[in-house]
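Notes to accompany the following structure.
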Amino acid sequence: MNNENLKSNDERTPDERRELASKAGKASGKARKETASLRKTLDMILNLPAQGENAKKLFKEFGITENMTNRMLIALSAVKRGITTGEPKVLTFIRDTLGENLKFMVEEDTSQENKRTIKIYLPEIDSTNEDG
């Protein structure tokens, strides 16, 4: 990118800034609509009944006979792969999907001028559920 061709907003007239903001807003709205449409289409596909012999075998293996959707097929495939391979990425995906991952709560304190403090909190861990 050639930085000599860039102009800061300070160098632009109010009309130029307004026109650029309008273009950016329209592009942002278009991108949001496209993302929403893609999400809706993917959701429809995932909720369709799963088909094919491999899908039927996998559902039968897990004892599932009803509501056999593509969404469930993906989840079962991940579980089976995690169980059989012990692959950390697959197991992490399953754990995170279940919402059982440790999340950090980050709080930024800017109350003092020219000083920035980041505080990190770990969620409380239930000590009654220890395995050891």
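Tell me, yes or no, whether segment 63-71 has at least one residue that is farther than 30 Å from T84 by Cβ, without any contact (Cβ under 8 Å) to a residue 40 or more places away in the chain and surrounded by fewer than 10 Cβ atoms within 10 Å (Cβ to Cβ).
no
Take the residues of segment 72-100 that are outside any helix (DSSP H, G or I) and surrounded by fewer than 10 Cβ atoms within 10 Å (Cβ to Cβ): which is modelled with the lowest pLDDT?
E100
Answer yes if at least one residue in segment 3-22 is within 30 Å of the chain's Cα centre (by Cα), free of Cβ contacts under 8 Å to residues at least 60 places away in the same chain and loosely packed, with under 11 Cβ neighbours inside 10 Å, and no otherwise.
Looking for residues that are within 30 Å of the chain's Cα centre (by Cα), free of Cβ contacts under 8 Å to residues at least 60 places away in the same chain and loosely packed, with under 11 Cβ neighbours inside 10 Å, one finds at least one in segment 3-22, hence yes.
Tell me which of these N67 doesn't satisfy, since it passes every other one: (1) within 19 Å of T97 (Cβ to Cβ); (2) part of a helix (DSSP H, G or I).
That leaves (2) as the condition not met.
Got a number for residues in segment 46-59 being surrounded by 11 or more Cβ atoms within 10 Å (Cβ to Cβ), assigned to a helix (DSSP H, G or I) and not basic (K, R)?
Selection size over segment 46-59: 5.
The values are calculated or read from the model by the stated rules, or taken from the named source; none is laboratory data. Since we're looking at a predicted model, the values are computed, not measured. Here Cβ is always computed from backbone atoms with ideal geometry, including for glycine, and neighbour counts include all displayed protein chains.
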